[in-house]
Amino acid sequence: MAAQTTVSSSRVEWVDVAKGACILLVVLFHATNFMITRGYGSESWVAFNAFLEPIRMPLFFLVAGLFASKVLGTSWSNIWRRRVMLMLYLYGLWLLLRFGFFALVPGASLTGEESSPFNLLTALVVPHNGLWFVYALALYFAAAKLLADRDPRIQISVAFTVSLAAYSADFMPWTWQNMGAYFLFFLIGVNGKEILLTLARWTSIPAIALLAISYSAGFYAVNNSELGEFSLARIMLTLLGLALGVLAAARLRWGVGVRVLSTLGTVTLPVYLMHEIAMGSFAYALLSTGVLPADSVMRAAGPVVVALAGICGGLLLHKLLLSLKATWLFALPNWLLPKKAPELTKPETSTHLGDLVRTPVDAGLADSERR
């Protein structure tokens, strides 16, 4: 079974595969960091995550832009209600929920965000945990709407300039640096739908192999020479990685892998919002027992086990909360919705070739601390 690049049940399957792979890598990255903070660091896992850093979050934002391309053609009021307000609402809500939970169970925390209530105030300006992606999407939708009437070449030029500046702005908080650097890839998704769909149709093993070799060589050069000091080199490396990511997602032939990743790609929102709570709770409970395998096993397998706990736990929590009618945890409550939605009257639940728009909740939350 291949990840389809043509119409299949009204879905662009490779896009869901890419989303699923991204959320899997984000959770694995956080799980690796969690194990490091508990004394079970693994150089191999750190190197693996570092190798994929130029791809992981930029690919997330690329797909987010792909989903945003149609809705940005609607009115400002619609963008505000269905995108900007939604993202800010989810950010603020889960900022509070995370603080409350980790204050009660500090042993499950990765970031230490519960150390002071003052962190809640500073987080309104400078995000400091994995929710920064949601915060970024609110800003991206507003900025993309401001630029929507401009020629795509002007849009990309503006974003490219911002990205160049951000990549070299090491004095900035890492979240703001990432948000500035990655806006370019969001706008490429917004304006490059046809190019990306065409690229996916060109997928082949030789093309993937060539890109993989080129990306590996570029990664080595950027990280082991003076090239790494230049923002342009880092941007080009990420663009190379994004092309590799698109081709690999479209080429995937392993049936189980396609089904798992594409399914995960349709339910990324609950995983994104709750995986740190789920994996932190699981790991804290496990470590508290004191009955653990050898250190070598913990370092090698720990990140994978903790990541799986985060994904499965997030999905189970989502199912439980929906059964309790707590939909307000994942979407705007009715009292914040307009009485009449003139432009988006029926939320879509699939990725269509024609417009690539998802429900407001899943749009872009392809739906990470750093990266």
*How high is the relative contact order of the range 45-196, in percent, with contacts defined as C-alpha pairs under 8 Å that are six or more residues apart?*
38 percent
*Might you report the magnitude of the Cβ-based charge dipole of the range 191-343 about its Cα centre, with Lys and Arg at +1 and Asp and Glu at -1, to the nearest 20 debye?*
660 debye
*asked:* Compute the orientation-averaged projected area for the chain from the convex hull of its Cα atoms and round it to one decimal in nm².
replied: 18.9 nm²
_Just to confirm a number: summing +1 for Lys and Arg and -1 for Asp and Glu over residues other than L104 whose beta-carbon lies under 12 angstrom from that of L104, what do you get?_
0
*Using 0.36 nm per residue of separation minus the Cα-Cα distance, give me the extension gain between M236 and V126 in nm, one decimal.*
36.9 nm
*Multiply the residue separation of W335 and S168 by 0.36 nm, subtract the distance between their alpha-carbon atoms, and state the gained length in nm to one decimal.*
55.9 nm
*Mind scanning K70/K193; K70/K319; K19/K193 and naming the pairs with a C-alpha gap bigger than 22 Å?*
K70/K319
*asked:* Please list 3J(HN,Hα) in residue order for the range 204-220, calculated via the Karplus relation 6.51 cos²θ - 1.76 cosθ + 1.60 where θ = phi - 60°; whole Hz, with x for glycine and proline.
replied: 7, 4, x, 5, 5, 4, 4, 5, 5, 5, 5, 5, 4, 5, x, 4, 4
*To the nearest 20 debye, what is the magnitude of the charge dipole of the chain about its Cα centre, counting +1 on the Cβ of each Lys and Arg and -1 on the Cβ of each Asp and Glu?*
1000 debye
*asked:* Whole-Hz ³J(HN,Hα) for each residue in the range 315-320, computed from phi via Karplus 6.51 cos²θ - 1.76 cosθ + 1.60 with θ = phi - 60°, x for glycine and proline: what do you get?
replied: 5, 5, 4, 4, 4, 5
*Can you tell which of V26, T37, M87 lies farthest toward the positive end of the dipole of the range 1-111, using +1 and -1 charges on the Cβ of basic and acidic side chains (Lys, Arg; Asp, Glu)?*
M87
*Could you give the spread of the C-alpha atoms of the range 17-139 along their three principal axes, from largest to smallest, in whole angstroms?*
51, 35, 19
*If you take the beta carbon distance between E194 and L292 as r and set R0 to 45 Å, what does 1/(1 + (r/R0)^6) give as a FRET efficiency, to the nearest 0.05?*
0.30
*Relative contact order for the range 1-126, counting Cα pairs under 8 Å that sit 6 or more residues apart, in percent*: 17 percent
*Work out the charge dipole of the range 118-213 with +1 on the Cβ of Lys and Arg and -1 on the Cβ of Asp and Glu about the Cα centre, then indicate which of I205, L146, F118 is farthest towards its positive end.*
I205
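Since every read-out is calculated from the coordinates, none of them should be taken as a lab result. Remember, predicted model here, so these are calculated numbers, not experimental data. Here Cβ is always computed from backbone atoms with ideal geometry, including for glycine, and neighbour counts include all displayed protein chains.
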